[in-house]
Amino acid sequence: MYEIAFRCDASKFYKIGTGHLYRCLAIAEGLTKKYKLKKNKIIFICKKNNLFNKIKKIIKNKNFKVVFFNRENEENLLNKLKSKNIIFDRIQTESKKIIKIATKKYQKAIFFDAYNNNINGCLRINGIIHKKKIKYSGYKYLITPLLNEKRDKFKIDEKKIFINLGGINKILSYKIYKNLIKIKKFKDFKFCLPEGSKFSKKNIEFYDSTNFYKKIKESKIIICSGGLVFFDALILDKKILVFAKDRLQRNNILNINRLFNSKIQIINNLKDLKLIFLKLHKSKNKYKKILNIKNMDLTLKIIYNYLYD
């Protein structure tokens, strides 16, 4: 019998990416580190797709177990799974059948960022899809993998640029690098790019899951999409440039700009990159702790207390 099952997916489909998977991993790790839950009592449930091997490796590297299912077998698996509690993390409208299984079969159920207005008999936490009627709704309830990173002081390299367009989109990251390196002013800058590139330039540093946040912390400028890395960059008070991949990510930036009177730039294409980036380089950070990493501790506590009170 497992204590907690996490139901989440990662995909090459641009609206999903890897953010949901990494958020669930952050919560699972947080519960094991801060509340002493055993890792062998936690299981991940993921849809089998063309990222099957990558998802399996990411989860196994964190020492958690994962089971995969074909699309048509989700309800059967959830009905048969032996777990006390279940946590869903996927931005969608949950079906009545899934809600019934979650709230009737499991002792406690938690839904992150479901579009549904009402899901009775469970805990709702909406850090991204804000709903007025949901108690825990708003950016202060957002959790990212920064939750489990060291909160020490770090030295920032004023000439280091971190580029990440989500867990899958490496091609655009490399195109951005190629465009920026043409600008004379940035030829002596260092660029942090995702591993797997064929580049072998002196001004490139590669990152993977082991040094991801180390490279973010060291960098002065973050170029990202509007997902979890965007919120990490806000928390760390970086200069930010955003390539929003969809309407949801675009809304994230527009909402942050509106709520906190900030001026984070959204780029629509590479043609605009040079001019906007030059302006960003000259500007000063004005975010002043829009989001607070300590809020993540409070959200994790809400999750634990709900499951075990």
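Points worth noting:
- Angle between the chain longest axis and helix 96-105 axis [Cα atoms, degrees, rounded to 10]: 60 degrees
- Under 12 Å, Cβ to Cβ, from residue 151 - net charge with Lys/Arg +1 and Asp/Glu -1: +1
- Listed residues 296, 55, 194: farthest to the positive end of the dipole of the chain (Cβ charges): 194
- Neighbour-limited loop hits for trypsin sites (Lys or Arg not before Pro), segment 81-113 (at most 10 other Cβ within 10 Å; DSSP other than H, G, I, E, B): 82
- Principal-axis tilt of helix 294-308 within the chain, Cα atoms, nearest 10 degrees: 10 degrees
- By accessible area, using a 1.4 Å probe on protein heavy atoms only, segment 91-199 has 50% of its surface on carbon and sulfur.
- Stokes-Einstein D (µm²/s) once Rh is taken as the Kirkwood radius of segment 173-221 over alpha-carbon pairs, at 10 °C in 1.306 mPa s: 139 µm²/s
- For the chain, the 222 nm mean residue ellipticity estimated from helices alone, with every DSSP H stretch of n ≥ 4 adding -39500 (n - 2.57) and the total spread over all residues, rounds to -10500 deg cm²/dmol.
- For the chain, the residue among 161, 5, 93 whose Cα projects farthest onto the positive side of the dipole built from Cβ charges is 161.
- Prolate/oblate/rounded label for segment 22-86 (Cα gyration tensor, a/c 1.5): oblate
- Charge dipole magnitude, Cβ of K and R +1, D and E -1 - the chain, Cα centre, debye nearest 20: 540 debye
- Note that segment 88-221 presents 54 Å² accessible area per residue, ligands and nucleic acids not counted, probe 1.4 Å.
- Kirkwood radius, segment 135-222, all distinct C-alpha pairs, inverse of mean reciprocal distance: 14.4 Å.
- Counting only DSSP beta bridges whose two residues both lie in the chain, roughly 0 percent are antiparallel.
- Packing order of peptides 117-129, 149-161, highest average first: 117-129, 149-161 (average count of other Cβ atoms within 10 Å over each peptide's residues).
- Tilt relative to the chain, helix 19-34 - C-alpha long axis, 0 to 90 degrees, to 10: 70 degrees
- For the chain, with +1 on Lys and Arg beta carbons and -1 on Asp and Glu, the positive-most of 116, 42, 21 along the dipole: 21
- Divide the volume of the convex hull around the Cα atoms of the chain by the residue count and you get 131 Å³ per residue.
The values are calculated or read from the model by the stated rules, or taken from the named source; none is laboratory data. As the structure is a computational prediction, the values presented were derived from the model and not from experiment. Note that we place each Cβ from the backbone using ideal geometry, even for glycine, and neighbour counts take in every protein chain shown. Only protein heavy atoms, including side chains, enter the accessible area calculation; ligands, DNA and RNA are left aside. Shrake-Rupley method; radii C 1.70, N 1.55, O 1.52, S 1.80 Å.
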